[in-house]
1. Only one of these is at pLDDT below 95 and of a type outside the set (G, A, S): E56, E30. Name it.
2. Taking E54, is it in contact with a strand residue (DSSP E or B) (Cβ under 8 Å, 6 or more places away or on another chain), closer than 17 Å to L3 by Cα, buried (at least 18 other Cβ atoms within 10 Å of the Cβ) and of a type in the set (D, E, K, R)?
3. Among (1) closer than 20 Å to I117 by Cα; (2) touching a strand residue (DSSP E or B) at 6+ places or on another chain (Cβ under 8 Å), where does V45 come up short?
4. Can you go through L100, L114 and tell me which one is modelled with pLDDT of 95 or more and either within 27 Å of Q33 (Cβ to Cβ) or of a type in the set (K, R) (or both)?
5. Under 6 Å between Cβ atoms, at least 6 apart or on separate chains: pull out the pairs that start in the range 58-86 with a residue that is under 19 Å from Q106 (Cβ atoms) and end on any residue that is of a type in the set (D, E).
6. So E27 fits all but one of (1) in contact with a strand residue (DSSP E or B) (Cβ under 7 Å, 6 or more places away or on another chain); (2) in contact (Cβ under 8 Å) with a residue 12 or more places away in the chain; what number is the exception?
7. Which is under 18 Å from N107 (Cα atoms), surrounded by 16 or more Cβ atoms within 10 Å (Cβ to Cβ) and either aliphatic (A, V, I, L, M) or free of Cβ contacts under 8 Å to residues at least 60 places away in the same chain (or both), of T20, T42, T7?
Amino acid sequence: MLLKNFTTIISEKKEEDTLTSILHINENHEVFQGHFPEQSVTPGVLLIQLFKEEAERFLGNTLRIEKTTQIKFLAVVNPDLNNELELQSVFSKKEDCFHLTGKALQNNEIVLKLKLILKEV
């Protein structure tokens, strides 16, 4: 975990090639003191990191992001307004890489869509 105590897992559902996790974002985490003190905004890079860490848990491997083929931020993730975040990840393996297609949701609204190519370290 890149940031200690940034999130905790509320629940998760694993299927053959999918993982859906509900996370609690620690709205009092020190990252929000600088991003931004008057209105907390979860940094986009941390949202991407959460998907990588979820992939590592699901696949049981240490991974690195080899390439991003799509990242689309659709809404601000403000943990002061809603500190639950749902991550939906679908995995496939092609050659020596794992492909992740993911969505992050708050209040059943998509806040982030991404596609990552991950490689074992």
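1. Numbers: E56 fails: at pLDDT below 95.
Criteria check complete, one pass: E30.
2. It is true that E54 is in contact with a strand residue (DSSP E or B) (Cβ under 8 Å, 6 or more places away or on another chain), closer than 17 Å to L3 by Cα, buried (at least 18 other Cβ atoms within 10 Å of the Cβ) and of a type in the set (D, E, K, R).
3. (2)
4. Working: L100 fails: either within 27 Å of Q33 (Cβ to Cβ) or of a type in the set (K, R) (or both).
Just one listed residue meets the conditions, L114.
5. P79/E27; D80/E27; N83/E27
6. (1)
7. Details: T20 fails: either aliphatic (A, V, I, L, M) or free of Cβ contacts under 8 Å to residues at least 60 places away in the same chain (or both); T7 fails: either aliphatic (A, V, I, L, M) or free of Cβ contacts under 8 Å to residues at least 60 places away in the same chain (or both).
The unique qualifying residue is T42.
Conditions tested, residue by residue: (1) assigned to a strand (DSSP E or B); (2) at negative phi; (3) buried (at least 18 other Cβ atoms within 10 Å of the Cβ); (4) within 11 Å of the chain's Cα centre (by Cα).
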site	(1), (2), (3), (4)
P79	no, yes, yes, no
N82	no, yes, no, no
E86	yes, yes, yes, yes
S89	yes, yes, yes, yes
S92	yes, yes, no, no
A104	yes, yes, yes, yes
L112	yes, yes, yes, yes
K115	yes, yes, no, no
K119	yes, yes, no, no
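The values are calculated or read from the model by the stated rules, or taken from the named source; none is laboratory data. What you see is a predicted model, and the numbers here were worked out from it, not measured in a lab. No Cβ is skipped: glycine too gets one built from the backbone with ideal geometry, and neighbour counts run over all protein chains shown.
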